[in-house]
Amino acid sequence: MAFDGLFTRSMSKELSKLVTGRITKIHQPNALEIMLQIRAAGANHKLLISIHPSYARMHITNRPVDNPADPPMFCMLLRKHLEGGFIQAITSPPGERIIEMTVESKNEIGDAVTRKLIVEIMGRHSNCILIDGSNNRILDSLKHLPPSVNSYRTVLPGQTYIAPPEQDKVNPFAATDEEIATFFARPRDAKEVVQHFAGFSPLHANELLYRLDGTNHPHVFHTFLQDIEQAVQPTYKENGKVVFSPIQLQHIEGAETTYDTLGELLDRVFFARAERDRVKQQAGDLERWLSNEIDKLRLKLKKLDQDYARASNLEEFQLYGELLMANLYQFEKGASSVSVDNYYTGESVTIPVSPRKTPVENAQSYYTKYNKAKNALVMIVEQKKKAEDEITYFEMLSQQVQQAAPADIEEIREELAEQGYLRLRASKKKKKPTKPLPETFTSSTGTAISVGKNNKQNDYLTFKMAKKSETWLHTKDIPGSHVVIHSDDPDETTLHEAAILSSYFSKARESSSVPVDYTEVRHVKKPNGSKPGFVIYFEQKTLYVTPDESIVLQLKKQ
């Protein structure tokens, strides 16, 4: 991946269409992200700012992000200083991973003031800082850096803003033809290009060297930079790892997808990963709880197997009781064992007995053990079945949590509370009951497809939302989502795409040739007393598909 200085410059050019736009809303979905809604050029745009250590970025997004009910302090500060303001400029220092947004707004008494929102996209050192444009003093930032943490600069309210230290490198956009020709007069590797020119990552350094092809032609160098600056062909590639760039990457082979804007490209690269990270933050305790419960149940099964093995000696207990009753005359007083003939086999059998009990009491003791073992076997089988069912249920929930959107987590918690596994914290505000909302997609031929992301959504989709004549899909013998095609007679393309959705939203997401069953909704039944999301179905047919994230994203976009 490469959100380097060149990509940052290209992004600042794309964001320039927001200049003169008005900031209408500001939200902070979590501790590392800011969302600005901007009205510009007759349309609303959502500008996402993230300082996540792995997914730091700034771009226009089309993806929805849930917001907390109570905005954090930094969000409130941004609303005070920026909401209602007009964007005057969006710039990026050459070769730096910094984007500056200048905003003109009004203060408490209605006077015009200038504020700057500075976004530093630098991996784990990323930050979002609000400063006063008149005196360059910091109003606040998402991350605070006291002198004990950073000796070069202090990032705290009231301090003067100091930019990150400059690197002693050549600005590639200001380099002359002579400087370029001199530098490339001898063969260079990617490391040398990165060390000499500001803004280059190894990815773009290798792409430049590939295009130069051993020459030192300045025209190729300038054309390369111009293409990046204008983002002529935002490209996503997978070749063992994910790479992206504002231009086509000719030096890397692999499946390639192009996008119209850098924002769409970054949505493709980061959104699912960032959303997964948000889910981990919200549901980390839930994932740990499910994992612990599964481990405890597996240990319980192991112990039940041991108990079953011990209880399986019941026929031996019955035999000992019979033989003792048939040979009461052979007992010696105070003996700890007695040898008798087994009249079934003719062999001699030594039976342990208690010297404190009479012969009849010893025989009755074995009969009692026989009855206990007989009852225990029945109970153990029941307990094993219950434990196995709970493991299946918790593994299904674990898979749902791993693939859930942040909005789905609360429904999973509610389900566990309804089943008596968890206790939810009492909320002061009474929530109105809401209907589960399965995720919706549209096939290439325009047919609506719904996908349940958790058990509440699955049950609602299958038994309340779907018509009996519509087509229902589920991965064969694999935990996954219920999928419904809202058509009485879906075409082959829609059926295939719905099967891809079914395989993608299942435990087999990373597999290939996944079996997916499909049948009419009327043939799907829920057994009495079964867990949420559990169904049986019949008269199904099976097809095999391979999950494809790009197809899923395309169906969602449509």
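The table for this structure:
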{"quantity": "Filter result (among the aliphatic types (A, V, I, L, M) and modelled with pLDDT of 80 or more) within the stretch 302-318", "calculated": "L304, A309"}
{"quantity": "Filter pass, K46 being free of Cβ contacts under 8 Å to residues at least 40 places away in the same chain, under 27 Å from K556 (Cα atoms), in a helix (DSSP H, G or I) and touching a strand residue (DSSP E or B) at 6+ places or on another chain (Cβ under 8 Å)", "calculated": "no"}
{"quantity": "The stretch 1-44, subset basic (K, R) and farther than 18 Å from E264 by Cβ, residue surrounded by the most Cβ atoms within 10 Å (Cβ to Cβ)", "calculated": "R9"}
{"quantity": "Residues that are in contact with a helix residue (DSSP H, G or I) (Cβ under 9 Å, 6 or more places away or on another chain) and closer than 17 Å to K106 by Cβ, drawn from the stretch 17-35", "calculated": "I23, K25, I26"}
{"quantity": "Qualifying strands (runs of 3 or more DSSP E) (wholly inside the stretch 222-287; at least 3 residues being in contact (Cβ under 8 Å) with a residue 40 or more places away in the chain)", "calculated": "242-245"}
{"quantity": "Checking F200 against (1) over 29 Å from A31 (Cα atoms); (2) under 39 Å from the mean Cα position of the chain (by Cα); (3) of a type outside the set (S, T, N, Q); (4) in a helix (DSSP H, G or I), the condition it does not meet", "calculated": "(4)"}
{"quantity": "Condition met for N239 (outside the structural domain of L397 (by TED's automatic domain parsing), closer than 30 Å to Q402 by Cβ and out of contact with any His (no Cβ under 6 Å at 6 or more places or on another chain))", "calculated": "yes"}
{"quantity": "In the stretch 400-417, residue surrounded by the fewest Cβ atoms within 10 Å (Cβ to Cβ) [restricted to those that are among the charged types (D, E, K, R) and in contact (Cβ under 8 Å) with a residue 24 or more places away in the chain]", "calculated": "E414"}
{"quantity": "Strands (runs of 3 or more DSSP E) fully within the stretch 75-128 counting 2 or more residues that are out of contact with any helix residue (DSSP H, G or I) (no Cβ under 9 Å at 6 or more places or on another chain), aliphatic (A, V, I, L, M) and without any contact (Cβ under 8 Å) to a residue 60 or more places away in the chain", "calculated": "112-120"}
{"quantity": "Members of the stretch 242-299 that are more than 23 Å from K556 (Cα to Cα) and in contact with a Gly (Cβ under 9 Å, 6 or more places away or on another chain)", "calculated": "G254"}
{"quantity": "Condition check for E96: among the acidic types (D, E), under 34 Å from the mean Cα position of the chain (by Cα) and modelled with pLDDT under 95", "calculated": "yes"}
{"quantity": "I49 being outside the structural domain of A198 (by TED's automatic domain parsing) and closer than 18 Å to G84 by Cβ", "calculated": "no"}
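Residue-wise test of (1) exposed (fewer than 15 other Cβ atoms within 10 Å of the Cβ); (2) closer than 22 Å to A309 by Cα; (3) within 42 Å of the chain's Cα centre (by Cα); (4) in contact (Cβ under 8 Å) with a residue 40 or more places away in the chain.
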residue	(1), (2), (3), (4)
E361	yes, no, no, no
Y366	no, yes, no, yes
K369	no, yes, no, yes
E388	yes, yes, yes, yes
S398	no, no, yes, yes
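The values are calculated or read from the model by the stated rules, or taken from the named source; none is laboratory data. As the structure is a prediction and not an experimental result, all values here were calculated from the model. A quick note on method: Cβ atoms are made from the backbone with ideal geometry, for glycine too, and the neighbour counts reach across all protein chains shown.
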